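Worksheet: the structure to be examined is printed underneath.
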Amino acid sequence: MLLQLQTWPEVEAYLRRSRGIIVPIGSTEQHGPIGLIGTDAICAEIVARAVGEAASAMVAPTLPIGMAQHHLAFPGSISLRPSTLIAVVRDCVASLARHGFERFYFVNGHGGNIASLGAAFSEIYAEASLKAPGGAPGVKCRLKNWWQAPRLMETVRELFGEGEGTHATPSEISLTWFAHPERAQPGRALEPRIAPRGTFADAEDYRRNFPDGRIGSDSALANSEAGKRIFDLSVEGLSADYRSWLAEA
Ligand code: NI
């Protein structure tokens, strides 16, 4: 159930049976020589929409741009500052809370968003806490990365071993190739096979340390069959988690 494909009376009717909404959030940033710029948004979106179907839950439009300043030395990457991302999340939650939504389940596709999302949740709670008690019931937010599902990371380790790495990983690229088979580039070997590991600060520093954009990964291991397995585990795990979270007080 996609929010953007509902009418307002339909949203009003939904709110009579549920106060929960799933919000996919990603990033628009380079993912190495064979990974798509939209990888993190695509992964979050396909998982969130399937969780919405499994749990009969409303799914908000995807927030496709995140905190990705460290990728800006590669063409096509777009970033919000942490403070901008926090403001965007606060305003989206406040808009929907005004109508009665109370449980915001963020399905995240980008590690770089985690700190800002945590800060946004704290801002939202602080605003409620600083008001006198007795107002409307409070909003609760939850962040789940698509890879935080039972057995998922074990499966990824079995599939890709040390080639998984931490950026432009074969697991996330597999998910995007499952979603967009026409954009798959299977069998394209990369040099070096496994990208360097290490730390980074700003965008220039990142590009110096990781010249083709990957960190520690062998993106060439990606394949859409693996993407399907990872997708199924993610949707199963997050659907169960969403249901049990909504059942809590
Ligand atoms: Ni990514």
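Would you mind finding the one in Pro33, Pro24 that is under 24 Å from Arg214 (Cα atoms) and within 16 Å of the chain's Cα centre (by Cα)? Give the derivation first.
Working: Pro33 fails: within 16 Å of the chain's Cα centre (by Cα).
Unique residue meeting the criteria: Pro24.
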Among residues belonging to segment 24-44 that are open to solvent by less than 10 Å² (accessible area, probe 1.4 Å) and outside any loop (DSSP other than H, G, I, E, B), point out the one that is farthest from Trp147 (Cα to Cα). His31
Matching residues, segment 152-187, being touching a strand residue (DSSP E or B) at 6+ places or on another chain (Cβ under 7 Å) and either more than 18 Å from Val107 (Cα to Cα) or not in a helix (DSSP H, G or I) (or both): Gly165, Thr166, His167, Ala168
So is Thr155 open to solvent by 10 Å² or more (accessible area, probe 1.4 Å), within 14 Å of the ligand (Cβ to nearest atom) and among the polar types (S, T, N, Q) or not? no
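Quick one: in segment 16-44, of everything that is hydrophobic (A, V, I, L, M, F, W, C) and touching a helix residue (DSSP H, G or I) at 6+ places or on another chain (Cβ under 8 Å), which residue is farthest from the ligand (Cβ to nearest atom)?
Narrowing segment 16-44 to residues hydrophobic (A, V, I, L, M, F, W, C): 21-23, 25, 34, 36-37, 41-44.
Remaining after also requiring touching a helix residue (DSSP H, G or I) at 6+ places or on another chain (Cβ under 8 Å): 21-23, 25, 34, 36, 42-43.
Numbers: Ile21: 24, Ile22: 19, Val23: 18, Ile25: 12, Ile34: 13, Leu36: 10, Ile42: 10, Cys43: 7 Å.
Filtering segment 16-44 for residues that are hydrophobic (A, V, I, L, M, F, W, C) and touching a helix residue (DSSP H, G or I) at 6+ places or on another chain (Cβ under 8 Å), the one farthest from the ligand (Cβ to nearest atom) comes out as Ile21.
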Criterion first (more than 12 Å from the ligand (Cβ to nearest atom), in a loop (DSSP other than H, G, I, E, B), open to solvent by less than 30 Å² (accessible area, probe 1.4 Å) and of a type in the set (A, V, I, L, M)) does Ala149 satisfy it? yes
Complete set of residues in segment 158-204 that are of a type in the set (D, E, K, R) and away from the ligand (no atom under 14 Å from the Cβ): Glu158, Glu162, Glu182, Arg183, Arg188, Glu191, Arg193, Arg197, Asp202, Glu204
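Please work out if Gly237 is part of a helix (DSSP H, G or I), open to solvent by less than 10 Å² (accessible area, probe 1.4 Å) and within 19 Å of Leu152 (Cα to Cα). Spell out the reasoning first.
Details: part of a helix (DSSP H, G or I): yes; open to solvent by less than 10 Å² (accessible area, probe 1.4 Å): no; within 19 Å of Leu152 (Cα to Cα): yes.
Against the criterion (part of a helix (DSSP H, G or I), open to solvent by less than 10 Å² (accessible area, probe 1.4 Å) and within 19 Å of Leu152 (Cα to Cα)), Gly237 does not qualify.
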Taking the residues in segment 45-80 that are in a helix (DSSP H, G or I) and under 19 Å from Arg207 (Cα atoms) as candidates, determine which candidate is farthest from the ligand (Cβ to nearest atom). Gln69
Within 16 Å of the ligand (Cβ to nearest atom) and in a helix (DSSP H, G or I), is that true of Ala13? no
Determine the pairs where a residue that is of a type outside the set (Phe, Trp, Tyr), located within segment 21-38, has a partner that is at pLDDT below 95 and more than 10 Å from the ligand (Cβ to nearest atom) with Cβ atoms under 6 Å apart, the partner being 6 or more residues away or on another chain. Ile34/Arg188
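Go through segment 81-114 and give me each residue that's under 20 Å from Ala168 (Cα atoms) and either in a loop (DSSP other than H, G, I, E, B) or open to solvent by 30 Å² or more (accessible area, probe 1.4 Å) (or both). Give the steps one after another, and end with the answer.
Pass one, segment 81-114, residues under 20 Å from Ala168 (Cα atoms): 107-114.
Selection gives Gly109, His110, Gly111, Ile114.
Taking the stated definitions as given, is Ser122 open to solvent by 10 Å² or more (accessible area, probe 1.4 Å), within 30 Å of Pro181 (Cα to Cα), among the hydroxyl-bearing types (Ser, Thr, Tyr) and more than 15 Å from the ligand (Cβ to nearest atom)? Talk me through it step by step, then tell me what you get.
Working: open to solvent by 10 Å² or more (accessible area, probe 1.4 Å): yes; within 30 Å of Pro181 (Cα to Cα): no; among the hydroxyl-bearing types (Ser, Thr, Tyr): yes; more than 15 Å from the ligand (Cβ to nearest atom): yes.
No, not satisfied.
The values are calculated or read from the model by the stated rules, or taken from the named source; none is laboratory data. Computed from a predicted model, the values in this text were never measured in an experiment. Please note: Cβ atoms are built from the backbone with ideal geometry, for glycine as well, and neighbour counts cover all protein chains shown. Side chains are part of the model used for accessible areas, which takes the heavy atoms of the whole protein and leaves out ligands, DNA and RNA. Shrake-Rupley method; radii C 1.70, N 1.55, O 1.52, S 1.80 Å.
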